Amino acid sequence: MQPFEYAHPSSLHEALALLGTQWGEADVLAGGTDQISLMKEFLHTPKRVVNIKGIKELGGIRHSGQGLRIGATVTFDELASNQAVHSEYPSLVSAVMGVSSPQIRNMGTVGGDLCQRPRCWYFRRGFGLLAMQNGKSLVPNGDNRYHAIFGGGPAYFVSPSSLGPALVALGAKVKLVSSSGSRTVDVAKFFVAPQNESSRETALLPNEILTEIEVPPARGVKNATYEVRQKEALDWPLVAAAVALQMQGQTVGKARIVLGHVAPTPWIAAQAEQALAGKSLTGDTIEQVAQAAAAGAQPLSENGYKVQLTRVAVKRALLAASGKA
Amino acid sequence: MANLPDYHWPPMGKRRVMGKPMNRLDGIAKSSGAAKYNSDVKPEGMLFGALLTSPHAHAKVKAIDTSAAQKLNGVEAVRVVANPGTEVQWAGAEIAFVAARTEEIANDAIRLIKVDYEVLPHLVSEEDLSKTGNRARAVGEQVTGDPEKAFKEADAVSEGHYGIPVLTHCCLEPHGQTIAVKGDHIEYFPSTQNVYGIATDIGRALNIPVSNVHVHMDYMGGGFGSKFPADVWGVEAAKMSQSSGGKPVKMFLDRATELSIAGNRPSIFANVKTAAKRDGTITAWESQTWSTGGIGGGNVNGQLFPYVFNKVPNRRVNHTAVSVNAGGARAWRAPIHPQVCFVTCSALEDLAAKLNMDPLEMFVKNLNYTARADLYKFQFDKAAELMEWKKNWHPRGDSGSGPVKRGLGLALGTWGGAGHFSTCKTTIHPDASVEVELATQDLGTGSRTMVAMIAAETFGLPVSAIKVKIGDNSYPNSGGSGGSTTSGGITSSTRKSSMNALQKLFEVVAQSLNVTADELEAVDGRIRVKGNPDRGMSFQQAAQKLGVNSISEMGENNPRQAPQEGLNTGGTGGVQMADVSVDTETGIVKMNRIVAVQDCGLVVNPKTAESQVFGACIMSVCGALYEERIMDQQTGRVLNPDMEFYKLAGIGDIGEIIVHMDIREENDRRGVIGLGEPCAIGGLAAIANAVANAIGVRVPRVPLTPARVLAALERRTA
């Protein structure tokens, strides 16, 4: 770990003043479940670390008729234990419980879940976000069993976010604040597939802090997340699917179907959404939608199985949302 | 001349301590954190070591510049081990070491060392034999009987491919030590399976007499066969201590290095052909195997095929060793047995499926090909009862219409496990305290507890009355813990030293009771006349008769004489059965249950023995479902030297584990036999067989990941 200056501000204003304008000047620390390992591996070598856990205004969950406001430093455990979240947003609870380590659920934060870096083993071994060696990506000819089946490069890592797919499906937004102002970005647009090595995988800028997440009301929206994970113990999902279905009586009005761990961003399964709109949730429809979810997949040499897992995840998420699981 | 005591174990029915389940003596210390491992040792003035490793799988060091590291404030020693001209043969190979006042400074210094490499071509994967070129070396063919004829005449012939990748030991406490070399004295705190022998290793490397090397190790966090030598990191830490004027140097490997270079279990890949008669009698075996254990290739003793059933009359066995540029293999809990067991039991289960026969029936039918037909028959019957095999087994693939399929599988294993050379000193003090000293080690197996139980049994005292002193090479020589030799060795030497000390005590007490020493016995805290229990005295009173002189006696287990003495022997058997559920939509395998029936002769402590088997079953689950060292041919590196993608089972992944120790008079008569290895062999094969039974098709290679299970299902449909 490279020596760094440590700051522990108690206000957002103070914290923002401590950030830099370039990556590498300052990193934000919250739960630390990823940040510390990034620093230990010299993948991040910030000159300053700004701990935001002491900033009260970044915590707390507020639920109202306007929906849900989740502070960035709310832990996974706090989110999953919240009664309103339980009753209205089961897809968030399932996504949290997929983080199958009580230690990480106790330490890890909602903001950190969205801002954590990819787990791609080439990235983590120092080959960069695009896993380049001698001008070529290592992924297509390497061991890509856990890599993307959508997106087609040049980035092949998968977004590691557990909450991302559910938040995209629910139409959530994040608030990004800098010293000069704030902006609100759809979670769907917060995640970005980088096109070159110097860009990042989120819309967050070096001088910004993700302060909160706003989730629209979901009363009457059937929502669920299903993760295909090999182990019960701490393990990354192989594929995840989150669905949010606005019902019109017995039929689905608008459907959001978002995949996780299959692309550099949470991946909207547009064909599946279309296949479901206006239909009722019968077994046949669910099968058809599941098939459509994998349309356009471009598996690599070792990850063809994820195409099948995508269909299963979507099917099981729909079954869970419809109360048939 | 005094009579030699009768060292034999007390008869099964007369034991008071041995054979009774007992909690390990260090259980509270370990679970509360009070136990200090050598990676916790922090002597005054300690320096931190760090290691620079090669990023290349094959390269020649052209130049190395350590000047910036040396100049860094806080750095006390820099040592280069790969000087210019050195050819490194795997990524992770040791290049240079640094010792500094803090861990951070040491790591910073490592990053300041500049190495200029000439990168050379590498091969890191052996899975596809056709791509290994001149790195593959055939080690010759073994033929028994007339396999061609047997295959021609067979009623059924089965062919299959099977494979296990390289696994790492993944010790939770990584390899390393804290060491201080002051003048010609060494204080050495290694994490080792070899407390006594490692002193010689380090002494030689530093040219310091072994008599001046003091090794301490109270607890250790996993070795599994990988922690015998002092290793480069031990020797270099010692030399850095020496050059910094004797300051202790702590040098433990980080996780990535631990998983890359600190040992691994060789792979095995196999093409197998088997033949049988209609009634299930195996008639022929043919196997072509290949494996790697690193740059030196990987050898498999062909005599082991077919595993356990190795009296099959017609056999043709070929093996090819493949040299790869990756960290080298070390002994891994029953070296090569789990691999050979997996290949054999998978191939035989496939053969049974071909005959449409229950594999249990086929295995039992062929037990006359094994060295222990009666033992295995008993164990299979017992395991089948515990697994409810007859009720739960179904022919391959016949497992209902839902997406989740359940299946059963089985396997069997064998191992030696006779006691190693061990000497022990038992002392009876005049205040009646008893101490037992020997330079053995407790790897977490319960050997400390076992020593106390043997002495307590011998003296007729409670276990709490015995002070056990181990983990220090100033105690009498006792062997390294490898090959499951520790239990037999230390129980025998402890028994003998304790009997010898007791004999001396009897001689003192005999005079005052007006009997001869051989008329006395030690029972229930008393020394008394045999057949006349009222005539005697308490152990306390007896010890007081020593006046100011304690009794110290030695005992020795010498493997050459041990078979005649009968305190320990070798040769065990065990069987494992697995019950799994496979989600055929996701390819995810869940463990329902494992049953293990295991013999290890005389079982001293059924509780820690069961614990050993539990641990072995968990390792089997890990190997069957999760573990795999993943190499990248492009970069030449290990891709998963971490606990994230080098996957291990958690508590929710292991299912129910039922252990039945095969404790019977006829097994007990064979004396103590080591257990660590025999129980770690068959579980993996049993799980793989259960998956084949569940889904109706063989998944050729473990770990049985969703990708592999789905691919096998797809082939079945196609």
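Miscellaneous remarks
- Relative contact order of the range B:258-357: 34 percent, from C-alpha pairs under 8 Å at least 6 residues apart in sequence.
- Order of B:VAL75, A:VAL239 - criterion: other Cβ atoms within 10 Å of each residue's Cβ, fewest first: B:VAL75, A:VAL239
- Cα gyration tensor shape of chain A, rounded if a/c is under 1.5, else prolate or oblate by comparing a/b with b/c: oblate
- When you restrict to C-alpha pairs under 8 Å that are six or more residues apart and normalise by the size of the range B:414-479, the relative contact order lands at 44 percent.
- Highest-fluctuation residue, A:GLY31, A:GLY98, A:GLY20 considered, GNM on chain A with Cα pairs under 10 Å: A:GLY20
- For B:THR635, no residue whose modelled amide H falls within less than 5 Å of its own remains once neighbours fewer than 5 places apart on the same chain are excluded.
- Residue order, fewest to most beta carbons within 10 Å, for A:TRP121, B:TRP415: B:TRP415, A:TRP121
- Under the Karplus curve 6.51 cos²θ - 1.76 cosθ + 1.60, θ = phi - 60°, whole-Hz ³J(HN,Hα) for the range B:675-682, x wherever Gly or Pro sits: 10, x, 8, x, 7, 9, 9, x
- Size of electric dipole in the protein assembly as shown: Cβ of Lys, Arg +1 and of Asp, Glu -1, about Cα centre, debye, nearest 20: 1100 debye
- Proxy reagent accessibility, fewest Cβ within 10 Å first, across A:THR310, B:THR717, B:THR274: B:THR717, B:THR274, A:THR310
- Phi to ³J(HN,Hα) by Karplus 6.51 cos²θ - 1.76 cosθ + 1.60 over the range B:589-605, Hz, x for Gly, Pro: 9, 10, 7, 8, 7, 10, 10, 10, 10, 9, 9, 8, x, 7, 8, 6, 10
- Lys/Arg +1, Asp/Glu -1 at C-beta; the range A:1-126 dipole; positive extreme among A:ALA80, A:ALA7, A:PRO46: A:PRO46
- Global form of chain B, assessed from the alpha-carbon gyration tensor, a/c cut-off 1.5: oblate
- ³J(HN,Hα), Karplus 6.51/-1.76/1.60, whole Hz, each residue of the range B:527-543, x for Gly, Pro: 9, 9, 7, 4, x, 9, x, 6, 8, x, 8, 5, 4, 4, 5, 4, 5
- Over the protein assembly as shown: helical MRE at 222 nm, DSSP H runs n ≥ 4 each giving -39500 (n - 2.57), nearest 500: -8000 deg cm²/dmol
- Only lysine pairs 8 or more places apart or on separate chains count here, and in the range B:197-281 those with Cα atoms under 23 Å apart total 4.
- Ranking B:GLN303, B:MET499, A:TRP23 by Cα position along the charge dipole of the protein assembly as shown, where only Lys, Arg, Asp and Glu carry charges on their C-beta atoms, puts A:TRP23 farthest toward the positive end.
- Eligible lysines near B:LYS530 by straight Cα distance, threshold 30 Å, same-chain separation 8 or greater: B:LYS14, B:LYS20, B:LYS425, B:LYS467, B:LYS496, B:LYS504, B:LYS545
- q = 0.09, 0.10 Å⁻¹: log10 I(q)/I(0) that the Debye formula gives for the protein assembly as shown, counting C-alpha atoms only: -1.13, -1.31
- Relative contact order, percent, chain A [alpha-carbon distance under 8 Å, six or more residues apart]: 17 percent
- Peptide A:116-128 shows a mean partner chain C-beta count of 3 within 10 Å per residue C-beta.
- Label point of B:GLU148 set 7 angstrom out along Cα-Cβ; within the range B:268-297, amide nitrogens under 16 Å from it belong to B:285-286.
- Rounded, prolate or oblate (a/c below 1.5 giving rounded, otherwise prolate when a/b exceeds b/c) for the range B:378-520 by Cα gyration tensor: prolate
- The three principal axes of the Cα atoms in the range B:447-527 give end-to-end lengths of 47, 21, 21 Å, sorted in falling order.
- Sequence-distant residues sharing a close amide H with B:ASN640 (under 5 Å, placed H): B:ILE630
A short reminder: the numbers here are calculations on the coordinates, not readings from a lab. Fair warning: this is a prediction, and the values are worked out from it, not measured in the lab. Virtual Cβ from ideal backbone geometry, glycine too; neighbours counted across all protein chains shown.
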